[in-house]
Each structure stands twice: as structure tokens, then as C-alpha cells.
Ligand code: 13P
């Protein structure tokens, strides 16, 4: 059975002081939660401080991005090796905001996915259609292209595959307050799973698929209650510790009934 996973993507929010303030309170709010992976992806500069505060908790540290080289003359970039040193375990790759505002293309995303496996980081590959693509019925075509281009051209060993997470984040649902419907998100998750199976066979059934886009405590279980959705990638609702804790506790309660 795939373990549920909820990932906080703080984007470019929170100073170091604000991030640490959150982390002093948050573990206490989810102390009763078991068997759900909770991953916090703060801005890079908060990673070292949070890794200290998270010691002794079951929370997991993630990064929002990285470069694909180990080191070199790449001004302004952060390498997988540097992330590993701090204790980062997950890294978000190919978020739609990076594709849109920082011109990340398929080749760059593929290299980052390969580098994350090479350095023992678990990639969270983000895919999803924008409003125009959805309106012209291109959702499946876009997702197929995004998945295959990100994973083409390098060989993965069987044990590496289940470490990958795929996040379906329809661009039109991000930060808008209007999420996809649970059934629609499940239909896309089934499609993503069929693509992964097409490429890797049965072992890909161990890959976790998340939904992201306007997830809140009130709607999270519409997604996590589906057979093929194994958790969520959460922006806005992960910024306040009580709201994020409500969201995680809702997933935990649902799993126990
Ligand atoms: P919101 O939850 O704010 O819609 O953001 C979703 C997202 O982009 C997470 O990566």
C-alpha cells in the first residue's frame, strides 16, 4: 500500500524568523498523526535552521528547486549535493511557476530529475495543463508530453522508481481558490498511472501521485479519499501552522475510519 504524503510548498513566503516560528509550533499540532509523510519545502535560506528544529520530529525536509550540477560556475544556483548536506530528502521539480516565470523547459526538468536520483533525492515531478490547454481538450496530451519528456533518456533502476512522486497541479487551479473536482483529479491520476505503467510496468504502481491546486482543510479528503491520489502538494494552506495541521489531521482522521 502506498503511504500518504502531504507536501507544503511555501514558495517565496516567510523570512527565516517566520519559518522558524512556524516550526516551533507546528510539530505539536500534528503530534498525533501517524503513517503520513509530512514534507516541508521552505525557501532555500530557511533549510538549515528548519533542519535543526525538525530533528526529533517525523517531519521531512524538502526543497522547491535545485540545479542539476554538483558544483561549478553557476551563479545563484543550489546543487543537489548542498541539499543533501542539510538533510533534504525531497525536491520539487518542474513546478508550473518555474516553467512559466523562469523558462524551465523539458530538457532542464529532465536533467533535474536525473540529478535528483543520482544524488539520492526523491523528486516530486509537477505536471499539469493551463486554462487554454484545458479549454481545447489538450489535458491528456500535455500531461503525456510532460511525463515522458521528463523521464526519457536515462535508465532508472527498479528500486529508484518508487521514490519518485508525481504531482498533478492544473495551472488554472493554483492559487485561485478553485480546485479541480475530486473525480476529475482522480481521472487524471488514473491516466498518469497508466502512462507510468506503460513505461515501467507494475513497479510503477508504487509511485505516489499527488493533487495540488487550492487544496484546503475543507476539501483535502475529496482528493485523498480517491484510490489513485496519494496526497497533496499544498501552497497557501500550508503557510499557517494551524490551517496546515487541520489539513493533515483531516487526512489522518479519514484514514482511520
Ligand atoms: P495553492 O495551494 O496555493 O493553490 O498552490 C498550489 C501549488 O502550487 C503547490 O505547489
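Could you say whether any residue in the range 64-77 is within 16 Å of the ligand (Cβ to nearest atom) and either farther than 29 Å from residue 173 by Cβ or in contact with a helix residue (DSSP H, G or I) (Cβ under 7 Å, 6 or more places away or on another chain) (or both)?
yes
Taken as a whole, the condition of being closer than 24 Å to residue 36 by Cβ, free of Cβ contacts under 8 Å to residues at least 40 places away in the same chain and over 17 Å from the mean Cα position of the chain (by Cα) applies to residue 86. Within the range 200-219, being more than 12 Å from residue 236 (Cβ to Cβ) and touching a strand residue (DSSP E or B) at 6+ places or on another chain (Cβ under 6 Å) holds for 208, 209, 210, 211. If you go through the range 146-172 and pick out every residue that is over 17 Å from residue 106 (Cα atoms), more than 15 Å from the chain's Cα centre (by Cα) and part of a helix (DSSP H, G or I), you end up with 2. Please specify each residue of the range 221-256 satisfying the condition of being in contact (Cβ under 8 Å) with a residue 40 or more places away in the chain, closer than 19 Å to residue 184 by Cβ and in a helix (DSSP H, G or I). Residues satisfying the conditions are 222, 223, 224. For the range 14-34, taking the residues that are part of a loop (DSSP other than H, G, I, E, B) and in contact with a helix residue (DSSP H, G or I) (Cβ under 9 Å, 6 or more places away or on another chain), the one that is nearest to residue 174 (Cα to Cα) is identified as 14.
Give the residue that is farthest from residue 63 (Cα to Cα), with candidates limited to residues of the range 230-243 that are in contact with a helix residue (DSSP H, G or I) (Cβ under 9 Å, 6 or more places away or on another chain) and surrounded by 23 or more Cβ atoms within 10 Å (Cβ to Cβ).
230
Residue by residue through the range 66-78, note down the ones that are within 23 Å of residue 8 (Cβ to Cβ) and in contact (Cβ under 8 Å) with a residue 40 or more places away in the chain. Residues satisfying the conditions are 66, 67. Going through (1) part of a loop (DSSP other than H, G, I, E, B); (2) within 13 Å of the ligand (Cβ to nearest atom) one by one, residue 211 falls short only on (1).
Restricted to the range 155-180, and to residues there that are in contact (Cβ under 8 Å) with a residue 40 or more places away in the chain and more than 16 Å from the ligand (Cβ to nearest atom), the residue that is surrounded by the most Cβ atoms within 10 Å (Cβ to Cβ) is 164. So, residue 197, is that one more than 19 Å from residue 169 (Cβ to Cβ), at pLDDT below 95, in contact with a strand residue (DSSP E or B) (Cβ under 9 Å, 6 or more places away or on another chain) and more than 15 Å from the ligand (Cβ to nearest atom) or not? For residue 197, the condition - more than 19 Å from residue 169 (Cβ to Cβ), at pLDDT below 95, in contact with a strand residue (DSSP E or B) (Cβ under 9 Å, 6 or more places away or on another chain) and more than 15 Å from the ligand (Cβ to nearest atom) - is not met.
The values are calculated or read from the model by the stated rules, or taken from the named source; none is laboratory data. Predicted, not measured: the structure shown is a model, and the values here were computed from it. All Cβ positions, glycine included, derive from the backbone under ideal geometry; neighbour counts span all protein chains shown.
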